Every structure is written in C-alpha cells, then in structure tokens.
1. What pairs come up if the first residue lies in the stretch 82-102 and is within 14 Å of A54 (Cα to Cα), the second is part of a strand (DSSP E or B) and of a type in the set (S, T, N, Q), and their beta carbons are under 9 Å apart, counting only those six or more places apart or on different chains?
2. Need the failing condition index for R98 against (1) under 21 Å from R16 (Cα atoms); (2) surrounded by 12 or more Cβ atoms within 10 Å (Cβ to Cβ); (3) among the basic types (K, R), just the number.
3. List the strands (runs of 3 or more DSSP E) inside the stretch 34-145, counting only whole elements, that have at least 3 residues being in contact with a Phe, Trp or Tyr (Cβ under 9 Å, 6 or more places away or on another chain), under 19 Å from F2 (Cα atoms) and at pLDDT 85 or above.
4. Name the one entry in A80, A54 that is surrounded by 13 or more Cβ atoms within 10 Å (Cβ to Cβ), of a type in the set (G, A, S) and touching a Ser or Thr at 6+ places or on another chain (Cβ under 9 Å).
5. In the stretch 58-91, what residues are over 17 Å from the mean Cα position of the chain (by Cα) and among the basic types (K, R)?
6. Filtering the stretch 5-31 down to residues that are of a type outside the set (D, E) and more than 18 Å from L83 (Cβ to Cβ), which residue is modelled with the highest pLDDT?
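The values are calculated or read from the model by the stated rules, or taken from the named source; none is laboratory data. These numbers come from a predicted model, not from an experiment. In this analysis, Cβ positions are derived from the backbone assuming ideal geometry, glycine residues included, and neighbour counts consider all displayed protein chains.
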Amino acid sequence: GFYHVSLYLMTPDGNRLVLQEAIGDMGHFDALKGEKTTVGQVSIVGWVAMNRQARIALDVGDAPYYFENPKLPDTHSEIALPLLARGRLLGVLDIQSRESGAFQSEDMPVFQVMADQIAVGIDNARLFEDISEQAKQLTELQNIT
C-alpha cells in the first residue's frame, strides 16, 4: 500500500512547489507541511515539475533523481504526477510506498486520470475564488455610486 501521499502546489512565480496537503502517517505531515521544492531540483517531484511528465521510481535506491528525505525514511518506491489544467502546471501529486516495485508503468494512466481530476478541481476552485472576488469588487463599486 501507500504510506504517504503529498500534494505540492506551484508558487505564483512558478519556480517552486510548496507542500499543501498530505495523508498517510500523520506524524510525517506535521514535519513536512510547507516544505518547498525547487522546479528541476534533484528529486522526483522537482523532475516532474520541470518536465511536466509523470515519473515512477520502482526502487528509489536506484533512481538517480531521487532525493532521500530523512522525514520519510520508509520510502522504497514512488510515483509523482504533474497536475496540469488549461496547459498550466498547478503542482505535483506524489505517492510513496514502503514496497519496492509498488508502482508499474501500466498503472500510470489510472494515476494520471486521478491527478487530472485533482488539477481540474484546484483550477475550478481558483476560478471560483477569482470570480467571487470580482463580484465583491463590483458590488462595492455599485454601493459607492
């Protein structure tokens, strides 16, 4: 099974990702919340953000782009997927397992559909927030006149 799932979102400048949410061993989440990763950094998450392609590490010990996080010492395999909406990278979904070989290339389409749905949800929430703010500003302008 999966012991840690993380959701990283892009910063407005598009250069870094910030851990927003995680589920799994909750003790790890408190230690990781707000963690930042640079796009292109030597890590699976950084690689996925830079290349906008999903990546699997069947055995993280053999992966040249794997960053060993001491706060997640039980990771043996990992999959990271880009969160893309309307051609923009919103973030990266990262799933880790205690078992080597837990993720296979045949699983990639299913995980990517899940990541795509998450990206659409994030994008829709942001659009709703923008529209709500614009409506508020218009209401305030109408009240002034």
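1. Going by the 9 Å Cβ cut-off, the qualifying pairs are G91/Q20; V92/S6; V92/T37; L93/S6; D94/S6; I95/S6; Q96/S6; Q96/S77.
2. Condition not satisfied by R98: (1).
3. The qualifying strands (runs of 3 or more DSSP E) are 55-57, 77-85, 88-97.
4. A80
5. Passing the criteria: only K71.
6. Filtering the stretch 5-31 for residues that are of a type outside the set (D, E) and more than 18 Å from L83 (Cβ to Cβ), the one modelled with the highest pLDDT comes out as G24.
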